[in-house]
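K.L.:
If you scroll down you'll find the structure; I have some questions about it.
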Amino acid sequence: MTAAVLFENVSRHFGAVRAVDAVDLAVAEGEFFAMLGPSGSGKTTCLRLMAGFEQPTGGHIEIFGETAEGVPPYRRNVNTVFQDYALFPHLSILDNVAYGLMVKGVAREERRKAAEDALAMVKLPGYGTRRPGQLSGGQRQRVALARALVNKPKVLLLDEPLGALDLKLREQMQEELKTLQKSLGITFVFVTHDQGEALSMADRIAVFNEGRIQQLGTPEDVYKRPKTRFVADFVGSSNILQPEFVTQLGAGRQLASLRPEAIELTGKKDGQLSLSGIVLSRSFLGASNRITVDVSGTKLHVTSPAASPVPEEGSKVTLSFAPADLHLMEAV
Amino acid sequence: MSAITGEQAISTQRSGLAGRISDFFWKHPHVFLAVMLAPPLLWLGIIYLGSLLALLLQSFFSIDDYSGLVNYEFTLATYGQLLNETNLDIIIRTVCMAAIVTLFSALIAFPIAYYAARYARGKWKALFYLGVMLPLWSSYLVKIYAWKLILAKEGILTWLLTKLNLLWLLDAWLSLPVIGGNSLSVSYTGTFIVFVYVWMPFMILPIQASLERVPVNLIEASSDLGSTPQQTFRHVLFPLALPGIVAGSIFTFSLTLGDYIIPQIIGSSRLFIGQAVYAQQGTAGNIPLAAAFTVVPIVIMGLYLWAARRMGAFDAL
């Protein structure tokens, strides 16, 4: 099957700055693909390369098997939902949504109908006569989505579309986006710096750092088996164990990651590894408690369910975890 | 007690008049606003609007043809005079010139403003402002006389075209009816060129300001949705720049309607509104007719703004 988007050794350098550096990736058709990374990691530049706002300085890009470099954005059947929505302030909501059809020469009545359907799909029926300035952030976000989807794009690019929304709305939109993507079957490429968002929504995640992909895999892969220290740190929080410490646990002399929720304070069970330490601090997070334990000079974070008893600060505790949860990483 | 934080949580009122005034204004922000706005409002209300009203009033008086004195009785006779053939001719000539000057100013200004708003950064932007503003720093009369020399028959333009063997082009242009003449400096074409030159900064700056406010991602969004660059210009860039273009055109249009020096120095000897006003209130001593003439630009600008509003020029504001 041809990939929806294919990057072969793609680079985008701005002078000495390597915004994107030798990236290879293949987004499968119908996939929800997330590009995750901190700001300046190259994820947004990758999205702009797909949209055609940037041209690569090296490498090859294909969209559904067709060469994309040198093709202007308006000839790509790819649409973007912009971070700050980029709605046209001088047009009504309906004209905003119908814009793509208007410039393609679709008849007035037909594009009106399509725009109204698209607005209904994003749960904003009857909002057509308003102006972007009269809508809330969440509503504008939906309009931006409708404006892109009305064109039936081959790939929908989303540039941190939920970044400006508050937490509740964000969670709601995450679910809606996921449902929408499933029902439409359109390939979504989603840029975010929020690892929770990427984990919960994406079929696959590419973790970016300094213009390169650090790891590409399913959310479970990336979370449970981070390849590098950066991925372990950035995706969720993790205890990074130094090689010296790891050898004491009976494993090879390698950097390892141990997720805080994999550690239990309830005493050693059969087949588990155990460590003893002293509780340094604890904080209440609502659904869980976060406890910091000092194990002979190494600080380990432990997430324990809110229901289980919380040890006093300064008390001695036994940490135990399954050997499989100790994930060995490549160097760096 | 640390040295950084004060002794008390709330410091005592500052002594002296300044301190008391500050506190008073802080407690009464509306009074402060009134104090700030009173002088300009008085100026606008009394000096400016007052004199404008006085002027309007004058236009409803008439002049006694025999004694040359103003007859202070309300009459529409002066307006009747305004619409006689000679005077109507002056009005039409001036309005056509103002319209063409405005149109060409906008056409020339837009690309310059677009470059400045979209691409110029750092020192190039400074250079742009300098280049646009520099002509405003030198005297208006000096510039016009300089143009007279450039456009004259013995001037540099004729010389240059002769050297390039293109003089026939100029001659062909000058042989055209209405816009032609003996030389550029005594033709409407010359008047037009100088008007466009002199008012150009007033067109460039508002357009540049409006283009600067168009976010880049709107252009990208338009392109992303399938717009070719021409379509993006037509449906996004132009509508959003329209308030700036209208603002600029108000300048070029009204300045051309009112100017009496440029057509006097460069152009045929036929009168423009500004010259007519100058002649009527000066040598002719016909203040009512001069006043009636000045009402013309006011009415035209009013109609222009109304039409621009109807066309949605200010929707993006």
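Only the coordinates and a few stated rules stand behind these numbers; no lab work does. In this text, all values refer to a predicted model and were calculated from it rather than measured experimentally. Note that each Cβ is placed from the backbone with ideal geometry, even for glycine, and that neighbours are counted across all protein chains shown.
K.L.:
If you count the DSSP beta bridges with both ends in chain A, what percent of them are antiparallel, to the nearest 5?
P.N.:
Values: 45 of 63 bridges.
If we restrict to bridges inside chain A, about 70 percent are antiparallel.
K.L.:
Given H placed 1.01 Å from N in the peptide plane, which residues other than close sequence neighbours of B:Ser62 have an amide H under 5 Å from its amide H?
P.N.:
For B:Ser62, the qualifying residues are B:Asn71, B:Glu73.
K.L.:
Among the aspartates and glutamates, which have Cα under 14 Å from the Cα of A:Lys113 when same-chain residues fewer than 8 positions away are ignored?
P.N.:
By straight Cα distance, A:Lys113 reaches A:Asp95.
K.L.:
Now for a separate question. Return the Cα extents of the protein assembly as shown along principal axes one, two and three, sorted largest first, each rounded to a whole Å.
P.N.:
125, 74, 53
K.L.:
Another question, if that's okay. How big is the charge dipole of chain A about its Cα centre, in debye rounded to the nearest 20, if each Lys and Arg gets +1 on its Cβ and each Asp and Glu gets -1 on its Cβ? Kindly include the intermediate steps, with their values, before the conclusion.
P.N.:
Details: 37 positive and 37 negative charges, 145 e Å.
Result for chain A is approximately 700 debye, rounded to the nearest 20.
K.L.:
OK, next. Using alpha-carbon pairs under 8 Å, 6+ residues apart, how would you state the relative contact order of region A:83-183 in percent? Spell out each step's value before the answer.
P.N.:
Numbers: 111 pairs, mean separation 34.8, N = 101.
Relative contact order of region A:83-183: 34 percent.
K.L.:
Continuing with this model, one more query. Show me the GluC sites (Glu not before Pro) within region A:269-332 that DSSP assigns to loop and that have at most 11 other Cβ atoms within 10 Å of their Cβ. Walk me through the numbers on the way to the answer.
P.N.:
Details: sites: A:Glu312, A:Glu313, A:Glu330; in loops: A:Glu312, A:Glu313, A:Glu330.
Counting only loop positions with at most 11 other Cβ atoms within 10 Å, the GluC sites (Glu not before Pro) in region A:269-332 are A:Glu312, A:Glu330.
K.L.:
Chain B: longest stretch without exposed GluC sites (Glu not before Pro) (DSSP loop, at most 11 other Cβ within 10 Å), sites themselves excluded? Can you show the working numbers first?
P.N.:
Values: sites that count: B:Glu7, B:Glu73, B:Glu154.
My reading of the result: B:155-317 is the longest stretch.
K.L.:
Let me ask another. Roughly how crowded by other chains is peptide B:211-224, in terms of the mean Cβ count from those chains within 10 Å of each of its Cβ atoms? List each step's numbers first, then the result.
P.N.:
Details: counts 0, 0, 0, 1, 4, 2, 8, 6, 2, 8, 15, 7, 10, 18.
The mean count of partner-chain Cβ atoms within 10 Å per residue comes to 6.
K.L.:
Report the gain in length on full extension from B:Val216 to B:Val70: 0.36 nm times residue separation, minus Cα-Cα distance, nm rounded to one decimal. Walk me through the numbers before you get to the answer.
P.N.:
Details: separation 146, 0.36 × 146 = 52.56 nm, distance 5.97 nm.
The B:Val216-B:Val70 span can extend by a further 46.6 nm.
K.L.:
Just to be sure I follow: if Rg is taken over the C-alpha atoms of region B:179-317 and Rh is the Kirkwood radius over the same atoms, what is Rg/Rh?
P.N.:
Working: Rg = 19.6 Å, Rh = 17.5 Å.
Answer for region B:179-317: 1.12.
K.L.:
Moving on. Can you work out ³J(HN,Hα) from phi for every residue in region B:120-127, in order, using Karplus 6.51 cos²θ - 1.76 cosθ + 1.60 and θ = phi - 60°, giving whole Hz and x for Gly and Pro?
P.N.:
5, 9, x, 5, 5, 5, 4, 5
K.L.:
If you take the beta carbon distance between A:Arg282 and A:Glu210 as r and set R0 to 35 Å, what does 1/(1 + (r/R0)^6) give as a FRET efficiency, to the nearest 0.05? List each step's numbers first, then the result.
P.N.:
Numbers: r = 35 Å, r/R0 = 0.99.
For A:Arg282 and A:Glu210, the calculated efficiency is 0.50.
K.L.:
Pairs A:Lys268/A:Lys299; A:Lys104/B:Lys125; A:Lys152/A:Lys178; A:Lys227/A:Lys299; A:Lys43/A:Lys168: which are spaced more than 27 Å apart, C-alpha to C-alpha?
P.N.:
Pairs exceeding 27 Å: A:Lys104/B:Lys125.
K.L.:
Relative contact order for chain B using alpha-carbon pairs under 8 Å, separation at least 6, rounded to a whole percent?
P.N.:
Values: 326 pairs, mean separation 73.2, N = 317.
Averaging sequence separation for qualifying contacts and normalising by length gives 23 percent for chain B.
K.L.:
Averaging sequence separations of C-alpha pairs under 8 Å and six or more residues apart, then dividing by the length of chain A, give the relative contact order as a whole percent. Please report the intermediate quantities before stating the final value.
P.N.:
Numbers: 708 pairs, mean separation 54.3, N = 332.
The normalised contact order for chain A reaches 16 percent.
K.L.:
Also, I was wondering about something else. Estimate the FRET efficiency between B:Glu85 and B:Ile298 by the formula 1/(1 + (r/R0)^6), using the beta-carbon distance for r and 25 Å for R0, to the nearest 0.05.
P.N.:
Values: r = 23 Å, r/R0 = 0.90.
Between B:Glu85 and B:Ile298 the formula returns 0.65.
K.L.:
Please say if region B:228-286 is rounded, prolate or oblate, where rounded means a/c under 1.5 for a ≥ b ≥ c the square roots of the C-alpha gyration tensor eigenvalues, and otherwise the choice is prolate for a/b larger than b/c and oblate otherwise? Kindly include the intermediate steps, with their values, before the conclusion.
P.N.:
Working: a/c = 6.05, a/b = 3.20, b/c = 1.89.
Note, shape of region B:228-286 comes out prolate.
K.L.:
Can you bin every Cα-Cα distance in chain A into 10 Å intervals starting at zero and give me the percent of pairs per bin, rounded to whole numbers?
P.N.:
Calculated over all Cα pairs of chain A, the distribution is 6, 22, 26, 21, 14, 8, 3, 0 percent.
K.L.:
Report the Cα centroid-to-centroid distance between region A:7-65 and region A:266-286 in angstrom, as an integer.
P.N.:
42
K.L.:
What's the local net charge at A:Ala324, with K and R +1, D and E -1, over the other residues with C-beta under 12 Å away? Mind dumping the intermediate values first?
P.N.:
Values: positive: A:Lys224, A:Arg225, A:Arg259; negative: A:Asp325.
Counting the neighbours of A:Ala324, the net charge comes to +2.
K.L.:
Scan region B:67-130 for chymotrypsin sites (Phe, Trp or Tyr not before Pro) in coil per DSSP, keeping those whose Cβ has at most 12 other Cβ atoms within 10 Å, and list them by number.
P.N.:
Values: sites: B:Tyr72, B:Phe74, B:Tyr79, B:Phe104, B:Tyr114, B:Tyr115, B:Tyr119, B:Trp124, B:Phe128, B:Tyr129; in loops: B:Tyr72, B:Phe74, B:Tyr119.
When the chymotrypsin sites (Phe, Trp or Tyr not before Pro) of region B:67-130 are filtered for loop state and at most 12 Cβ neighbours within 10 Å, B:Tyr72, B:Phe74, B:Tyr119 remain.
K.L.:
If you average the C-alpha positions of region A:177-251 and of region B:288-303 separately, how far apart do those two centres end up, in angstrom?
P.N.:
Region A:177-251 and region B:288-303 have Cα centres spaced 72 Å from each other.
K.L.:
Also: Stretched out fully, how many nm does the piece from B:Ala9 to B:Thr283 gain, at 0.36 nm a residue minus the Cα gap? Numbers along the way, then the final one.
P.N.:
Numbers: separation 274, 0.36 × 274 = 98.64 nm, distance 7.40 nm.
Length difference between fully extended and current span is 91.2 nm.
K.L.:
Amide H neighbours of A:Glu29 under 5 Å, at least 5 residues apart or on other chains, H built in the peptide plane: list them.
P.N.:
Here A:Ala4 satisfy the definition.
K.L.:
Could you work out the local net charge near A:Gly65, counting Lys and Arg as +1, Asp and Glu as -1, over the other residues with Cβ closer than 15 Å to its Cβ? Show your work: numbers first, answer last.
P.N.:
Working: positive: A:Arg76, A:Lys154; negative: A:Glu8, A:Glu29, A:Glu62, A:Glu66, A:Glu69.
Result for the local shell: -3.
K.L.:
Using +1 on the beta carbon of Lys and Arg, -1 on that of Asp and Glu, and nothing else charged, what's the dipole of region B:77-316 about the Cα centre, debye to 20? Before the final figure, lay out the partial values.
P.N.:
Details: 14 positive and 9 negative charges, 89 e Å.
Rounded to the nearest 20 debye, it is 420 debye.
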